[in-house]
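The values are calculated or read from the model by the stated rules, or taken from the named source; none is laboratory data. What you see is a predicted model, and the numbers here were worked out from it, not measured in a lab. Neighbour counts run over all protein chains shown; Cβ positions are idealised from the backbone, glycine included. Areas reflect the complete protein model, heavy atoms only, side chains present, ligands, DNA and RNA absent. Shrake-Rupley method; radii C 1.70, N 1.55, O 1.52, S 1.80 Å.
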Amino acid sequence: MSDGYEDMSLLELFRIETEGQAQALTAGLLALERDPTAANELEVCMRAAHSLKGAARIVDLPTATEVAHVMEDCFVEAQKGRLILAQAHIDVLLRGVDLLVRMGGAEEGKRDAVDAEVPALLADLRAAMASPTGPVVPKFVAPVSVVAPAAAATPAQGERRSPDEAKEVAPGSEVKDEAADRVLRVTAENLNRLLALAGESLVESRWVKTYAGSLLRLKRMQGDVNRTLGRLVEQVPAAALNDTTRQLQVELQQQVQACQQHLAERLSELDMFDRRSVHLSHRLYDEALSVRMRPFADGGHGLARLVRDVARSLGKQARLEIVGEDTQVDRDILEKLEAPLGHLVRNAVDHGIEDPAVRVAAGKPAEGVIRLEARHSAGMLQISVSDDGRGIDPEQLRERVVVRQLTDATTAQKLTESELLEFLFLPGFSLRDTVTQISGRGVGLDVVQTMVKQVRGTVRATGRPGDGSRFQMLLPLTLSVVRTLLVEIAGEPYAFPLAHIVRTLRLPADRIELLEGRQHFELSGHRIGLVAAEQVLAGRGGRAVAPDQAVVVVGDLSTRAFGLVVDRFLGERELVVQALDRRLGKIKDIAAGALMEDGSPVLIFDVEDLILSMEKLIAAGRVERVQASAVGAAGERRQRVLVVDDSLTVRELERKLLSARGYLVEVAVDGMEGWNTVRTGRFDLVVTDVDMPRMDGIELVTMIKRDTKLQGLPVMIVSYKDREEDRRRGLEAGADYYLTKSSFQGDTLVQAVAELIGEART
């Protein structure tokens with residue numbers, strides 16, 4: 001297999017090698033600034049400079065060869081103890097690293113301009129070796145890389161690394177198989193197609209289980225036919241049959257039994273195939289997804305240098321600590337994080353870290369610490385940038401908000417600390433009165449906010465005077481998969497990204513208030529407006545009927561909270577995001593699509609667009625009172641049934657049977673979800689399976705019957721287990737009815753439900 005380098009020119013190879021070795025040099029120099037005698041770091045830097053010298057000689061770049069040679073001599077002198085690297089030495093050596101990178105990336109016609117800087121650098125390098133304390137240089141000025149960390153410094157941009165870089169092994173690290181670490185060039189488009197196909201394979205594999213469920217129903221129907229045939233034989237007197245008829249009767253019974261046996265064997269094989277197929281599809285998808293994932297450290301190569309240079313230019317002392325370098329991040333998200341992280345750490349140095357004298361007077365170390373942390377939390381990627389600096393003064397921020405005329409003084413005094421901190425993310429907002437080369441234009445945090453919105457994440461700021469500040473981003477682990485809450489609106493499923501959901505609830509009618517013609521309810525001291533989802537999507541309202549109980553999704557986007565009334569919750573799902581056809585253009589309120597486990601499509605909401613649509617309805621005065629399906633035409637409440645079953649086929653069959661008879665039906669995919677649902681809602685009956693993951697049906701029945709508020713709630717068990725001891729175990733747990741799936745028929749289920757809670761009221 002090709003390694004992707006054979007079609008590249010020598011200059012392109014040199015550029016790639018320069019980028020890789022520059023990373024090693026920068027990291028080593030920053031470490032040497034803290035410990036000038038670190039033997040391992042000196043060895044790494046010396047070898048990197050030596051490799052660059054040889055590479056530059058091969059591609060006939062004499063100026064680059066000379067720069068690398070003098071840098072190598074500097075490291076050799078330090079190794080021999082004849083030179084102790086001071087801060088001034090590090091400044092000059094970092095200039096050499098930057099110049100080598102520019103030489104490697106310079107176009108043919110622009111190389112002379114870069115070469116013109118070499119004599120001055122060489123003079124400073126030689127002066128550095130001649131002076132134990134380093135050369136006399138002007139006041140440090142941050143290089144261009146401070147404004148934006150060089151993206152080219154990361155090999156991930158082109159997914160390439162030089163052969164020498166691939167062979168470099170850090171001291172003390174384990175030597176791995178060279179073939180296993182080989183890096184190949186693969187376009188992002190190819191990776192996206194691979195992941196999309198793997199996602200489709202995963203969805204298709206789940207269809208087998210649904211199909212197997214329909215065959216199980218066929219098997220039960222065959223069993224019913226066999227039993228009916230047996231009863232028919234019993235009813236016909238033997239004397240009334242001649243030999244031919246009796247022979248046909250025996251053959252018919254044998255054929256039905258053979259069909260049952262054959263179907264049972266094929267079902268067993270299909271079940272085994274289903275398990276293997278799902279397992280293989282999951283492995284395929286996980287492997288395809290892992291190709292898109294990169295360690296967080298790949299996105300933070302230039303940040304330590306950025307912190308050091310900004311601090312030096314401001315006369316401060318600061319260092320960067322990175323926690324969670326091995327945390328896996330989607331490559332698309334990692335690329336988008338480059339600019340926001342640069343702005344955050346730059347702001348931390350400029351706005352957060354105090355001058356050394358001020359820090360010492362406050363009892364802090366002269367050197368400030370900026371901590372960058374990445375970790376997985378509850379299925380999300382959590383990234384935080386914190387510092388131990390001066391923090392954020394809420395009163396100064398409040399005053400600045402008023403000065404900028406973003407609100408009046410009276411309103412500003414009523415704002416909470418979290419509401420105040422949201423102003424930091426507004427475009428053009430800054431706590432600085434003057435503009436410097438580093439900050440003051442109010443662009444940085446706006447860039448952070450914009451990126452977070454693009455990837456369906458959230459960002460929050462916290463800080464107190466003297467205690468430092470912290471900016472925390474909560475992002476999806478990957479842009480290819482999104483965790484969602486599925487809801488039903490007007491009979492169709494829709495998906496809400498969980499990152500924008502504060503909570504879900506079933507809201508009783510007495511909690512809904514009418515203020516100035518608009519419906520609101522109170523939640524944690526805040527008034528949340530209510531709008532029917534069907535009206536937002538259709539642009540028109542329904543009947544003005546006061547709800548008995550509204551099913552509400554409470555979301556939040558920055559400072560805008562909303563309450564959207566839906567028909568019912570369908571549970572949480574991880575969906576493989578599939579972009580909509582570009583020919584459709586931008587679809588109102590919709591961000592993307594996905595496929596459900598049964599292959600049916602579902603649309604994923606664009607939450608920001610959804611809120612804008614709600615605000616337009618409110619501004620136009622066209623918001624109508626929410627309509628509740630839980631109220632019948634005569635005002636009598638319809639019976640609500642909760643169906644709990646881990647089989648999609650059985651669950652949907654029971655839901656459709658009961659819904660067709662007029663009952664309001666909600667579903668849960670296992671006992672744990674069923675328990676959480678029954679505690680937060682009001683139901684007249686629970687229909688549950690026995691064998692389920694996380695919590696089985698017997699445990700669910702036991703917990704319901706032990707709860708003082710729920711113990712009067714009727715519970716029906718519908719299970720494949722038809723032995724007498726299984727039935728007795730269910731009834732002893734507190735079940736009011738035990739129905740076996742082997743004798744399951746639509747009328748049987750509906751009759752049992754009617755016996756427990758009566759006929760449906762419509």
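So the values come out like this:
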| read-out | value |
| --- | --- |
| Area accessible to solvent at residue 528, 1.4 Å probe radius, in Å² | 10 Å² |
| The range 337-422 shape via C-alpha gyration tensor axes, a/c threshold 1.5 | oblate |
| Charge context of residue 310, other residues only, Cβ under 13 angstrom, K/R +1, D/E -1 | +3 |
| Within the accessible area of the range 55-106 (1.4 Å probe), percent carbon and sulfur | 52 percent |
| Accessible surface of residue 273 - all protein chains present, 1.4 Å probe, nearest 10 Å² | 100 Å² |
| Under Karplus coefficients 6.51, -1.76 and 1.60, residue-wise ³J(HN,Hα) of the range 77-88 in Hz, glycine/proline x | 4, 5, 4, 7, x, 7, 9, 9, 5, 9, 4, 5 |
| Label-point separation in nm, residue 186 to residue 725, each point 7 Å along Cα→Cβ | 5.2 nm |
| Long-range HN-HN contacts of residue 603 with modeled amide H, under 5 Å | 495 |
| Solvent-accessible area of residue 282 with every protein chain in place, 1.4 Å probe, in Å² to the nearest 10 | 70 Å² |
| Probe 1.4 Å, all protein chains present, accessible-area order of 272, 380, 103, largest first | 272, 380, 103 |
| Over the range 229-335: Rg over Rh, Cα atoms, Kirkwood Rh | 1.69 |
| Residue pairs, from the table 656/709; 53/80; 656/705; 414/588, whose Cα atoms sit over 32 Å apart | 414/588 |
| Per-residue HN-Hα couplings for the range 24-37 [Karplus 6.51, -1.76, 1.60; θ = phi - 60°; Hz; x = Gly/Pro] | 5, 5, 4, 4, x, 5, 5, 6, 5, 5, 8, 9, x, 9 |
| When the convex hull of its Cα atoms is projected in every direction, mean area for the range 17-109 (nm²) | 5.4 nm² |
| Extension reserve of the residue 395-residue 322 stretch, reckoned as 0.36 nm per residue once the Cα distance is removed | 23.2 nm |
| The range 277-355: translational diffusion in µm²/s, Stokes-Einstein, Kirkwood Rh over Cα pairs, 20 °C, 1.002 mPa s | 148 µm²/s |
| Over the range 8-57: Kirkwood hydrodynamic radius from C-alpha pairwise inverse distances, Å | 11.3 Å |
| Sulfur and carbon atoms: percent of accessible area, the range 243-379 [1.4 Å] | 53 percent |
| Estimated vicinal HN-Hα couplings, Hz - the range 254-265 in sequence order (Karplus 6.51, -1.76, 1.60; Gly, Pro = x) | 5, 5, 5, 5, 5, 4, 4, 5, 4, 5, 4, 5 |
| Sum of side-chain charges, residue 358 neighbourhood, beta-carbon under 10 Å (Lys, Arg +1; Asp, Glu -1) | +2 |
| Residue 469 long-range amide H proximity, modeled H, under 5 Å | 387, 389, 391 |
| Most to least accessible of 526, 343 (protein chains only, probe 1.4 Å) | 526, 343 |
| Mean separation of Cα contacts under 8 Å, 6 or more apart, over the residue count of the range 334-387: relative contact order % | 29 percent |
| Convex hull volume per residue for the range 312-383, taking Cα atoms only, in Å³ | 104 Å³ |
| Segments 499-512, 402-415, 655-668 sorted - mean Cβ within 10 Å per residue, highest first | 655-668, 499-512, 402-415 |
| Placed amide H near residue 407: partners under 5 Å, 5+ positions off or other chain | none |
| Per residue, in Å², the accessible surface of the range 353-410 once ligands and nucleic acids are set aside, probe 1.4 Å | 48 Å² |
| Anisotropy class of the range 655-730 from Cα gyration tensor, a/c 1.5 cut | oblate |
| Residue 609-residue 112 FRET efficiency (beta carbon distance; Förster radius 35 Å; 0.05 resolution) | 0.10 |
